[in-house]
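Input: a single structure, listed below in structure tokens.
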Amino acid sequence: MSEFLIVDTTLRDGEQAAGIAFTPTEKIAIARLLDGAGIPLIEVGTPAMGLEEQEVIRHIAGLGLQAGIFTWNRLSVNDIEASLSCGVNSVHLSVPVSDIQIKYKLRKNRRWVLETLKDVLCYAVKAGCTVSVGLEDASRADQKFVALVAGIALEEGAVRIRYADTVGILEPFRTYEIMRSLISRIGSNVEIHAHNDFGMAAANTLAAVKAGCRYISTTVNGIGERAGNAAFEEMLLIFKQHFGSMPVDDFSRVKILSRFVSRACRRKPYAFPRHFRAV
């Protein structure tokens, strides 16, 4: 299943779950376990959070992992500089695209978003970064504006577009329609980032893959803000059932990873052992 690539955000979005705060040692261990499980892309954190976060990211960047690692950044040159100081060369820019977030979170307008995206993205590319761009709150946005932002991001040098169902309102049929339309305009280098507010993160992720999406965003055990995200181990089983294979070779490593994250979170992993007896 080389056509599907997993982008794991346990260390960033996963840690935003209520009551979860990984220690630096736990973050480093999780990064190693994610890499050992065969995950190709790992979102390791947000440097703008402060010096402790930067130190952990710097340590992970120096581990020599096979997985590609990248950081999460706001639409800010200062955030990019903080990422560069951590020794990473791959960054993610999160761009609010819904009018709700543009007006009430940024207190700006669409024109500002487009102009600032160009400026910050150009800065990151010139600094030698590989850049992905996230369309924050895309599912509540004007889809024509979403496509416009995505197109501009790719023209300015972004390599991947994240479509974020930030508040978890999508359902699978709508997800499929949106992904088909977006991919027909900008190509398949699109990542689906689903939240589980209505219990459909896995179903929406599957629908996006069926529509041609190349990247899927997951967290271990489905941890994440509010109701959580698409669970890494659950998506593996879905791939096995519906596509006949999984994008990992050694499933025992996935079990070790899941149980470690469970202990670090003090939350039982819901996917083990019942589901995995069938694997």
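So which of Gly157, Gly151 is more than 17 Å from the chain's Cα centre (by Cα), in a loop (DSSP other than H, G, I, E, B), at pLDDT 95 or above and surrounded by fewer than 18 Cβ atoms within 10 Å (Cβ to Cβ)?
Values: Gly151 fails: in a loop (DSSP other than H, G, I, E, B).
Testing whether each residue is more than 17 Å from the chain's Cα centre (by Cα), in a loop (DSSP other than H, G, I, E, B), at pLDDT 95 or above and surrounded by fewer than 18 Cβ atoms within 10 Å (Cβ to Cβ) leaves just Gly157.
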Among the residues of region 66-82, count how many are part of a strand (DSSP E or B) and either without any contact (Cβ under 8 Å) to a residue 12 or more places away in the chain or of a type in the set (S, T, N, Q) (or both).
2
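Working carefully through the options Met235, Met179, find the one that is buried (at least 16 other Cβ atoms within 10 Å of the Cβ) and either over 30 Å from Val125 (Cα atoms) or among the basic types (Lys, Arg) (or both).
Details: Met179 fails: either over 30 Å from Val125 (Cα atoms) or among the basic types (Lys, Arg) (or both).
The unique qualifying residue is Met235.
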Please enumerate the residues belonging to region 228-279 that are of a type in the set (A, V, I, L, M) and either modelled with pLDDT of 95 or more or within 20 Å of Ala31 (Cβ to Cβ) (or both).
Ala230, Ala231, Met235, Leu236, Val248, Val254, Ile256, Leu257, Val261, Ala264
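Among the residues of region 188-203, which ones are among the small types (Gly, Ala, Ser) and either within 12 Å of the chain's Cα centre (by Cα) or part of a helix (DSSP H, G or I) (or both)? Full working, then the answer.
Keep residues of region 188-203 that are among the small types (Gly, Ala, Ser), which gives 188, 194, 199, 201-203.
Of everything in region 188-203, those that are among the small types (Gly, Ala, Ser) and either within 12 Å of the chain's Cα centre (by Cα) or part of a helix (DSSP H, G or I) (or both) turn out to be Ala194, Ala201, Ala202, Ala203.
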Here is a check on your reading of the model: is Phe239 within 17 Å of Asn204 (Cα to Cα), aromatic (Phe, Trp, Tyr) and in a helix (DSSP H, G or I)?
yes
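Applying the selection to region 33-52, what residues are within 18 Å of the chain's Cα centre (by Cα) and part of a helix (DSSP H, G or I)? Before the answer, list the steps.
Applying the first criterion (within 18 Å of the chain's Cα centre (by Cα)) to region 33-52 yields 33-35, 37-49.
Leu33, Leu34, Asp35, Pro47, Ala48, Met49 - these are the residues of region 33-52 that are within 18 Å of the chain's Cα centre (by Cα) and part of a helix (DSSP H, G or I).
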Of Val146, Val131, which residue is farther than 21 Å from Pro172 by Cα, aliphatic (A, V, I, L, M) and either crowded, with 16+ Cβ neighbours inside 10 Å or touching a residue at least 24 places away in the same chain (Cβ under 8 Å) (or both)?
Val131
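May I ask you to list the residues in region 11-29 that are hydrophobic (A, V, I, L, M, F, W, C) and either farther than 17 Å from Trp72 by Cβ or more than 19 Å from the chain's Cα centre (by Cα) (or both)?
So the first thing to find is which residues in region 11-29 are hydrophobic (A, V, I, L, M, F, W, C), and the list is 11, 17-18, 20-22, 28-29.
Those that are hydrophobic (A, V, I, L, M, F, W, C) and either farther than 17 Å from Trp72 by Cβ or more than 19 Å from the chain's Cα centre (by Cα) (or both): Ala18, Ile28, Ala29.
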Considering only region 13-41, state which residues are in contact with an Asp or Glu (Cβ under 6 Å, 6 or more places away or on another chain) and within 15 Å of Ala61 (Cα to Cα).
Leu34
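For (1) surrounded by 24 or more Cβ atoms within 10 Å (Cβ to Cβ); (2) within 14 Å of Cys213 (Cα to Cα), each residue gets a yes or a no:
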| position | (1), (2) |
| --- | --- |
| Tyr163 | yes, yes |
| Phe173 | no, no |
| Ile183 | no, yes |
| Gly187 | no, yes |
Does region 204-217 contain any residue that is among the small types (Gly, Ala, Ser), assigned to a helix (DSSP H, G or I) and under 17 Å from Phe239 (Cβ atoms)?
yes
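Is there a residue in region 106-126 that is of a type in the set (A, V, I, L, M, F, W, C), assigned to a strand (DSSP E or B) and surrounded by 22 or more Cβ atoms within 10 Å (Cβ to Cβ)?
At the first step, the residues of region 106-126 found to be of a type in the set (A, V, I, L, M, F, W, C) are 106, 112-114, 117, 120-122, 124-125.
Adding the requirement that they be assigned to a strand (DSSP E or B) leaves none.
No, region 106-126 contains no residue that is of a type in the set (A, V, I, L, M, F, W, C), assigned to a strand (DSSP E or B) and surrounded by 22 or more Cβ atoms within 10 Å (Cβ to Cβ).
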Expected output for region 240-259 (first residue farther than 20 Å from Leu11 by Cα, partner of a type in the set (D, E, K, R), Cβ below 6 Å, 6+ apart or cross-chain) is Met246/Lys240
For region 83-104, enumerate the residues that are crowded, with 19+ Cβ neighbours inside 10 Å, of a type in the set (Ser, Thr, Tyr) and part of a helix (DSSP H, G or I).
Ser83
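The values are calculated or read from the model by the stated rules, or taken from the named source; none is laboratory data. From a predicted model like this one, the values you see are computed outputs, not experimental measurements. Virtual Cβ from ideal backbone geometry, glycine too; neighbours counted across all protein chains shown.
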